[in-house]
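For reference, the structure discussed in these notes is given below.
The values are calculated or read from the model by the stated rules, or taken from the named source; none is laboratory data. Nothing here was measured: the structure is a model prediction, and the numbers come from that model. Every residue, glycine as well, gets a Cβ built from its backbone with ideal geometry; the counts of neighbours run over all protein chains shown. Calculation scope for accessible area: heavy atoms of the full protein, side chains included, ligands and nucleic acids excluded. Shrake-Rupley method; radii C 1.70, N 1.55, O 1.52, S 1.80 Å.
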Amino acid sequence: MALLEVENVRRSFGGLVAVDKASFTVAEGQIKALIGPNGAGKTTLFNMVSGLLSTETGQIRFRDRRINGLRPYQIARAGIARTFQNPSLFLQMSVIENVMVGQHVRTRAGIAACCLRLPRQQREERAIRDAALKQLDFVGLAPLAEASAGSLTFGQRRMVELARALATDPALVLLDEPASGLNNKETGDLGALIQKMRGAGVTVLLVEHDMSLVMDISDDIVVLYQGTPIAQGPPSAIQNDPRVVAVYLGDDQHLS
Amino acid sequence: MGSGDLILQYLLSGITKGSIYAIVAIGFNLIFSATGVLNFAQGEFVMLGGMIAVTLSFYVPLPVAITGAVILVALIGCLLEVLFFRRLRRHSIMHMVIITIGLSIVIQEIALHLWDEKVRSLPYFTGKEISSVAVFGATISPQVLWVLGTVAVVFVLLHAFLRYSLQGRAMRACSSNPEAAMLSGINIANLRTLSFGLSAGIGALAGCVISPITMTQYEMGGPLAIKGFAAAILGGLGNPMGAVAGGLLVGVLEAFSVSKLPAAYNDVTAFAVLLLVLFVRPQGLFGSPTGDGVREF
Amino acid sequence: MPNMLLKVRNLRCGYGSLEVVRGVSLHVCAGEIVGLLGANGAGKSSLLKSLAGLVVPWGGEIHVNGRPTRGLPAWHGVSNSMVLVPEGRQVFAEMTVRENLLIGGYHNKDRRMDLEIVVDRFPRLRERINQLAGTLSGGEQQMLALGRALMTRPKLLMLDEPSMGLAPLMVKEVFSEILKMKELGVTMLLVEQNAVATLGIADRAYVMETGEIIMEGEARDLMSNPEVRRAYLGKGYKEVWE
Amino acid sequence: MKLRRFIVVLLLLAAMVGVQIFLRATGQEFCLTQLTMALYYALVVIGLGLVMGYAGQVSLGHGGFFAIGGYTTAVLTTRDFSPFKDTAWVGLLKAAHVFVAKEDLFGAQVMVVTPWAAFLAAMALTAVVAVLIGYPALRLKGHYLAMATLGFGLIVYKILLGSTVTGAADGITSVPEWSLFGVLTVSGKTALRVQNYYIACGLVLAVLLLLQNLVHSRVGRALLAIHDRETAANAMGINTASYKLRAFVLSAILAAAAGVFFTHYTGGIGPSEASALKSVRYVALAAAGGMANLWGVAVISTLINYLSLRDWFGSYDNAVFGTMLIVIISIAPEGPLKPLGMAVRRVFFRLRPSGGKPHGAA
Amino acid sequence: MKKLVLVGLGACLVGMLLCMPTAVAAEKKGEPIKIGAIFSVTGPASFLGAPEEKTAKMLVEKLNKEGGLLGRPVELIIKDSAGSPEKAVSFAKQLIEEEKVLAIIGPSTSGETMQIKNLCEENKMILVSCAAAEVIVNPVAKYVFKTPQKDSQAVTWIFNTMKEKGISKVAMLSSNDGFGSAGKKQVEGMAAAAGIEILCNEVYDKQATDLTDILTKVKGTAGVQAVINWSIVPAQSIVAKNMKQLGLNIPLFQSHGFGNPKYAAAAGEAAEGTLFPAGRLLVVDELADSNPQKKVLAAYKKDYEALYKEDVSTFGGHGYDAVLIVTEAIKKANSTDRDKVRDAIENLKGLVGTAGVFNMTPQDHTGLALDAFEMMTVKGGKITLYKK
């Protein structure tokens, strides 16, 4: 059974159609990649899945439950976490606090409990910290837990963002260009980490331009062109699909 | 006086107030469109215009005094932009709002210590305090016609400037897409300064033409700014036609609310309508709904 | 080397803590079309933006016509006869086509005359001269952006992904316009994802990957170089290809 | 972490007691009057700091909330309800000790609401108003939010000026003292000056402690996240609209509580408390304190209000606040304490900035 | 760690600043007599406070030049309350507790005065208010006095003039400040007894820019024979202008707030025929030489106008009277004992001030009779006595 089903989704901005007739599914336990040239509508699609943008037509279902129309925080609560193209850490906080924000959806202490430091809230706070530390450890940044988020390098920020997404305890993680801005070594580590995540039972949907990474780790690829999927399949098939080669290198004979 | 005449008279008194709000709102709009700053100190430009003109009118004929005041205040506007906003481009809206509020307070205090707490006014441009023009049985002060005329002239000139002159077009280009404007060789920093100056000048002109009606005092800026602001929002920020319409609407609304409600709650009505518009239709009555992303999601 | 119009040495730039362009050197000679290729995220657009002054470079040198321009704000570009047509067709949506073109001629004293020349080149723009730019189709907006750039009478035109998001037929049209502009004597630096089309019209090209230039050469040599394909489609590609 | 916070509390407490002892020793205990008033104002600014520094929302209407609190208690505790003595609801409320019969200054028998009941009524009213205003207003951004809150403050101001119930322009006077728990009394009497100073200190300290707990909890992190990157916060599962509203209501209630205490302390309230200028001053003080730095906000706003209430600035009072706004925002938008603190550290301790978190988040 | 430093620093700063006021309060040269003053020099009531402050300063300076009181100099401590009650409270406490002044003059507005009335009474501090509202001295508080004529007296004058003119149906307009609301209260309270019917009763914003809408309402109310307006400038000039512009040709009665020749000038021709009660300061030139006030008024007017280059107003006169009452009482008591001075104030008789001749009694802490006012009108742009 598919974890996420995107069905015939459309979205336009003013007169410009960004995504149209987009349909694909993500199966549980998969690493699925969404690729395509600039302006193909990948990020728009991501934003629709995570609720930041509304859909015009079509449906997005997560675990057979319709999620388009829900607010972003509701979608996060349902089990979909995401990262952003430019790592959007909360720069006024420390690294661990950033990751602790991820645990927000899984905790409940209210304003009164927090003001008064009730025992229940204290216990919960400890649990949040432990969970956050665990995620930081998972991405290999536990030693930097108390550092200010602003003091991190770009690559480290990406990892913290990943840990923060994982801290929401998601079933599906959406990664928006996780390798952009990373050097070769960091990209390699990222690939290993994504596979490790899958090993831990998290399904991954990623948008990525680094083809080496995509081809290395993904089980399945969807190619988007002008807002519409033009090919789907495993990496080897995609690399040799003439239409894909055409959209990437610009030989338009194959596109009619 | 018949009820029809009364309604007309209420309408005219609404227009009197409305024309004052409208002319303040036009200035607001200009800065907002060109720079994205909502200038809470706009009312102070109005006050300064009136004050300087009154002072100058002791030494030179009225038209010269007004011209001098407008030029002087326009220069002050440019100076403020260069001193306080040029460096602040990357600051948040919250910071901008706070700075303009700070400026408004400081200018007001400077005016208090420069002049004093007394009320001044320019003479009526035509006629006297007691003259009025009859309109179908109702009456209106000739100075209101001056204000309305000024609103019309400023509106037309501004419109022509923005649409047909090179600098005006450049200003529109800046507000439409600053990056592309820069790439077309437009020095957008200077253009923003220009828009501040222009807006301050319009404010000063407003301060001069309304002075015979409202009189000029160091404190007058605040209430005027808030009403002008309300007018601009009501009409849809960034829409000069909307500013004029919004101003007249607020004025007429106040006038007719007096006819039914205690006048003590006059402003309450005006602000309640403003809040309602903000909450229900923040792009204003005449703005396009696809506006500027006022609301989240 | 004949009349070098643009010379860039060891340019670096980025956003926040992220270095996007890591020491790029390149040059463009008068009369050339030079392509700048690379996958998404390679740093091409950032490079162009820092050349145009929209992004402040961290280090390196930029010389236009022999004069240093690094650190000058973007509006100085036009007086240096260098103009960037930004990515995504940034037209002034609430202004008419005519006004858009006239803004392009902000510093051009003969703007009214040039307007005629430009709309002669782009008949579609003449048809829509009084229409709001925001209501044009994507291809028409791209034409308008090109036309607006021409109004500055540029010596060096930098185009950022002119084919992005355009229908294939439109892409062809845009590229043929670019070729025509070359005939007019405009030098061009062309950033493109569409490698085949770019190499088809360019004289020389550079290939960028992760902020660095990994290859440069004559366009026809690069066309047949499998490394270029690898840069686009990933390392797995090569193995499968051969 | 916790130890440090504990030390800060101790230090602040020591400073508060130290000031009092120092003043007594030098025979200047009268300064406590203005200090007490300034502390109540600080309460408003602390609440505003929460909204502006943590939730990232500007409010130009907090004077309105202060006035709602103060006026509610002033009206209820001074208005004579004896004409309604025989109606059922008054009888019921009298049985619940909401009403109390007493003699007024000139010997007439009146029946008024007890301060405690008035306090609770003020809190409830404020909460309702804050929700009604905050819910739609917080969906707006930037200028629009500023304008909406400003409009709200002005509405309150004009209603107070126009209504005879609230004493129109003269405001309300002769507000009775408020006996807390039988031992303490909020009152402006000279004899109770020291006691009232400590009541205000205790209140501010307690609020600071509670808010410190709050901002170091999941709620505080959520608020800070909203301030920093609202979109990311939302995508992390934080109901941004709801948290913004809650922070707004909380700070409105703090402002109103300050208004209640202040009114009982000075024995009256006037409409100028709701004026736009007053609200702007709160914003200025919050900015001066560094917004998110609640301790800094408390110290700075107490200090500056104290000086203002002692007429240090003379007829330049408003000018001082206006200048403060401009200078602080254009030179040190995070508040002068942070760069000041860094400079002090550099000079005295020659410490290098550690990788610790920025001051604003503390 | 940083925070510790900051908190410590803050505490030190507070401590340092707290020390400073004492350093200033040096008492060396012949023990001056301290008199406190709270005026709204700035802010919305500055039209009252500013002339009051100037007058008080001028008088005290003159007094000290002439050798002071009881051989001691007088020190006037002026606080600017900007019209805020909470500041008035703070300043009053400051003046009472730390400056230990002999008496406080001011505040300028009724709202502020009411906020500190109880405070002064409790602390046995003499308060000579410059605000007009009746409630300040009614009920009588032992230590609280005021200098302006009572609102009720102004209303009496207006109603009497109306009766003479045969007017019985009026429209009442007032501004939403303390001055307006106090007048409104008196007019409402006294109308029935005087046989005056209020057909239309409206309050407007004190900073209103135009009042034609309210006057249209008056015009639309059948039977209105006169308008009473109770406000201060600019609104009172705007009312006059708007009435004329609307062709509302019925008599306009203004309050004693019209007491500044500038205001008559501001309304220009529209002020012609406006009727208002005011102290004689405005018509000092018209007074017969036999008038007991003439000398005082002429001297004040001359001094003030020479020193400040602006027209004298009745508001400044309130400040004049306050200083006069306190200094005369000190002279009379020949002591700076507060209770003795208070008793002396209560027994002042025949003291000629700018507002009138003060005859204080334990029941009357204003001490001005109805004849402190005169009905005035504007003729040819000048304020003159209204001759019946």
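Note on segment A:30-59: residues that are touching a Ser or Thr at 6+ places or on another chain (Cβ under 9 Å) and more than 13 Å from chain C (Cβ to nearest Cβ) total 8.
Out of curiosity, is C:ASN130 modelled with pLDDT of 85 or more and among the polar types (S, T, N, Q)?
Numbers: modelled with pLDDT of 85 or more: yes; among the polar types (S, T, N, Q): yes.
Here the answer is yes, as C:ASN130 does meet what is asked.
Tell me whether segment A:190-209 contains one or more residues that are farther than 30 Å from C:MET170 by Cβ and at the interface with another protein chain (Cβ under 9 Å from one of its Cβ atoms). No, segment A:190-209 contains no residue that is farther than 30 Å from C:MET170 by Cβ and at the interface with another protein chain (Cβ under 9 Å from one of its Cβ atoms).
Being open to solvent by 20 Å² or more (accessible area, probe 1.4 Å), on the phi < 0 side of the Ramachandran plot and among the polar types (S, T, N, Q) is the requirement here; does E:THR327 meet it?
Details: open to solvent by 20 Å² or more (accessible area, probe 1.4 Å): no; on the phi < 0 side of the Ramachandran plot: yes; among the polar types (S, T, N, Q): yes.
The answer is no for E:THR327.
If the condition is being open to solvent by 50 Å² or more (accessible area, probe 1.4 Å), touching a residue at least 24 places away in the same chain (Cβ under 8 Å) and either farther than 29 Å from C:SER137 by Cβ or within 14 Å of chain C (Cβ to nearest Cβ) (or both), then segment A:16-29 contributes A:VAL17, A:GLU28.
Answer yes if at least one residue in segment E:60-81 is part of a loop (DSSP other than H, G, I, E, B), crowded, with 23+ Cβ neighbours inside 10 Å and modelled with pLDDT of 85 or more, and no otherwise. Yes, there is a match, as at least one residue in segment E:60-81 is part of a loop (DSSP other than H, G, I, E, B), crowded, with 23+ Cβ neighbours inside 10 Å and modelled with pLDDT of 85 or more.
Here is a yes/no grid of residues against (1) open to solvent by less than 10 Å² (accessible area, probe 1.4 Å); (2) assigned to a loop (DSSP other than H, G, I, E, B); (3) closer than 22 Å to B:ARG163 by Cα:
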{"site": "C:ALA74", "(1), (2), (3)": "yes, yes, no"}
{"site": "C:GLN90", "(1), (2), (3)": "no, yes, yes"}
{"site": "C:ALA93", "(1), (2), (3)": "no, yes, yes"}
{"site": "C:ILE117", "(1), (2), (3)": "no, no, no"}
{"site": "C:ASP120", "(1), (2), (3)": "no, no, no"}
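Only one entry of D:PHE261, D:PHE248 meets the criterion of being part of a helix (DSSP H, G or I) and either closer than 14 Å to A:TYR73 by Cβ or in contact with a strand residue (DSSP E or B) (Cβ under 7 Å, 6 or more places away or on another chain) (or both), and that entry is D:PHE261. Hey, any hits in segment E:324-340 for a residue that's of a type in the set (Ser, Thr, Tyr) and in a helix (DSSP H, G or I)? Yes: segment E:324-340 contains one or more residues that are of a type in the set (Ser, Thr, Tyr) and in a helix (DSSP H, G or I).
Taking segment B:92-110 only, how many residues are more than 7 Å from chain D (Cβ to nearest Cβ), surrounded by 22 or more Cβ atoms within 10 Å (Cβ to Cβ) and not β-branched (Val, Ile, Thr)? Please lay out each step first, then the result.
Kept after step one, since they are more than 7 Å from chain D (Cβ to nearest Cβ), are these residues of segment B:92-110: B:92, B:96, B:100, B:104, B:107-108, B:110.
Right, trim to surrounded by 22 or more Cβ atoms within 10 Å (Cβ to Cβ) and you get B:96, B:100, B:104, B:107-108.
Filter once more, keeping what is not β-branched (Val, Ile, Thr): B:96, B:104, B:108.
Within segment B:92-110, residues that are more than 7 Å from chain D (Cβ to nearest Cβ), surrounded by 22 or more Cβ atoms within 10 Å (Cβ to Cβ) and not β-branched (Val, Ile, Thr) number 3.
Do the conditions hold for A:ALA231, that is, is it free of Cβ contacts under 8 Å to residues at least 60 places away in the same chain, more than 9 Å from chain C (Cβ to nearest Cβ) and either crowded, with 21+ Cβ neighbours inside 10 Å or in a strand (DSSP E or B) (or both)? Here the answer is yes, as A:ALA231 does meet what is asked.
Confirm whether E:GLY257 is part of a helix (DSSP H, G or I), within 14 Å of chain B (Cβ to nearest Cβ) and either in contact with a Pro (Cβ under 9 Å, 6 or more places away or on another chain) or closer than 14 Å to E:VAL233 by Cα (or both). Walk me through how you get there before you give the answer.
Values: part of a helix (DSSP H, G or I): yes; within 14 Å of chain B (Cβ to nearest Cβ): yes; either in contact with a Pro (Cβ under 9 Å, 6 or more places away or on another chain) or closer than 14 Å to E:VAL233 by Cα (or both): yes.
Spelling it out, E:GLY257 is indeed part of a helix (DSSP H, G or I), within 14 Å of chain B (Cβ to nearest Cβ) and either in contact with a Pro (Cβ under 9 Å, 6 or more places away or on another chain) or closer than 14 Å to E:VAL233 by Cα (or both).
Listed by position, the helices (runs of 4 or more DSSP H) contained in segment B:148-264 that have at least 1 residues being out of contact with any helix residue (DSSP H, G or I) (no Cβ under 8 Å at 6 or more places or on another chain) are B:166-176, B:178-183, B:188-214, B:240-260. Among the residues in segment E:212-231, are any touching a Phe, Trp or Tyr at 6+ places or on another chain (Cβ under 6 Å), more than 8 Å from chain B (Cβ to nearest Cβ), crowded, with 24+ Cβ neighbours inside 10 Å and of a type in the set (A, V, I, L, M)? Looking through segment E:212-231, at least one residue is touching a Phe, Trp or Tyr at 6+ places or on another chain (Cβ under 6 Å), more than 8 Å from chain B (Cβ to nearest Cβ), crowded, with 24+ Cβ neighbours inside 10 Å and of a type in the set (A, V, I, L, M). Restricting segment B:2-54 to residues that are at pLDDT below 85 and over 30 Å from B:ALA181 (Cβ atoms), the residue that is farthest from the other protein chains (Cβ to nearest Cβ) is B:GLY4. Given the conditions (1) within 14 Å of chain C (Cβ to nearest Cβ); (2) touching a residue at least 24 places away in the same chain (Cβ under 8 Å); (3) surrounded by fewer than 22 Cβ atoms within 10 Å (Cβ to Cβ), report the number of the one that B:GLY236 does not fulfil. (3) is the only condition that B:GLY236 fails. Could you check segment D:123-142 and list, in sequence order, the residues that are more than 30 Å from B:PHE40 (Cβ to Cβ) and touching a residue at least 60 places away in the same chain (Cβ under 8 Å)? Within segment D:123-142, just D:MET123 meets the criteria.
Please specify each residue of segment C:1-60 satisfying the condition of being in contact (Cβ under 8 Å) with a residue 40 or more places away in the chain, touching a Phe, Trp or Tyr at 6+ places or on another chain (Cβ under 8 Å), within 30 Å of A:LEU89 (Cα to Cα) and assigned to a strand (DSSP E or B). C:ARG12, C:CYS13, C:GLY14, C:GLU19, listed by residue number. Of all the criteria given as (1) within 30 Å of A:ALA27 (Cβ to Cβ); (2) touching a helix residue (DSSP H, G or I) at 6+ places or on another chain (Cβ under 7 Å); (3) at the interface with chain D (Cβ under 10 Å from one of its Cβ atoms); (4) part of a helix (DSSP H, G or I), the one not satisfied by A:ALA132 is (3). Each residue in segment D:308-329 was checked for being open to solvent by less than 20 Å² (accessible area, probe 1.4 Å) and either away from chain B (no Cβ under 14 Å) or touching a Lys or Arg at 6+ places or on another chain (Cβ under 7 Å) (or both), and 3 pass.
For segment C:184-235, the set of residues classified as in contact (Cβ under 8 Å) with a residue 60 or more places away in the chain, open to solvent by 50 Å² or more (accessible area, probe 1.4 Å) and in a strand (DSSP E or B) consists of C:GLU209, C:GLU212, C:GLU216, listed by residue number. Residues in segment A:168-188 that are open to solvent by 30 Å² or more (accessible area, probe 1.4 Å) and among the charged types (D, E, K, R): A:ASP169, A:LYS185, A:GLU186. Restricting attention to segment D:235-282, the residues that are of a type in the set (Phe, Trp, Tyr) and within 30 Å of A:ASN47 (Cα to Cα) add up to 2.
Would you be able to tell me the number of residues in segment D:26-44 that are among the acidic types (Asp, Glu) and part of a helix (DSSP H, G or I)? Residues meeting the conditions: 0. Taken across segment E:123-134, residues that are buried (at least 18 other Cβ atoms within 10 Å of the Cβ), in a helix (DSSP H, G or I) and of a type in the set (Ser, Thr, Tyr) do not occur at all.
With the requirement that a residue be open to solvent by 10 Å² or more (accessible area, probe 1.4 Å) and hydroxyl-bearing (Ser, Thr, Tyr), what does segment D:244-277 give you? If the condition is that a residue be open to solvent by 10 Å² or more (accessible area, probe 1.4 Å) and hydroxyl-bearing (Ser, Thr, Tyr), then D:THR266, D:SER272, D:SER275 are the ones that fit. Residue count for segment D:223-245 satisfying the condition of being assigned to a loop (DSSP other than H, G, I, E, B) and more than 7 Å from chain A (Cβ to nearest Cβ): 0. Do we find that E:ASP80 is in contact (Cβ under 8 Å) with a residue 24 or more places away in the chain and more than 10 Å from chain D (Cβ to nearest Cβ) in this structure? Criteria not met by E:ASP80.
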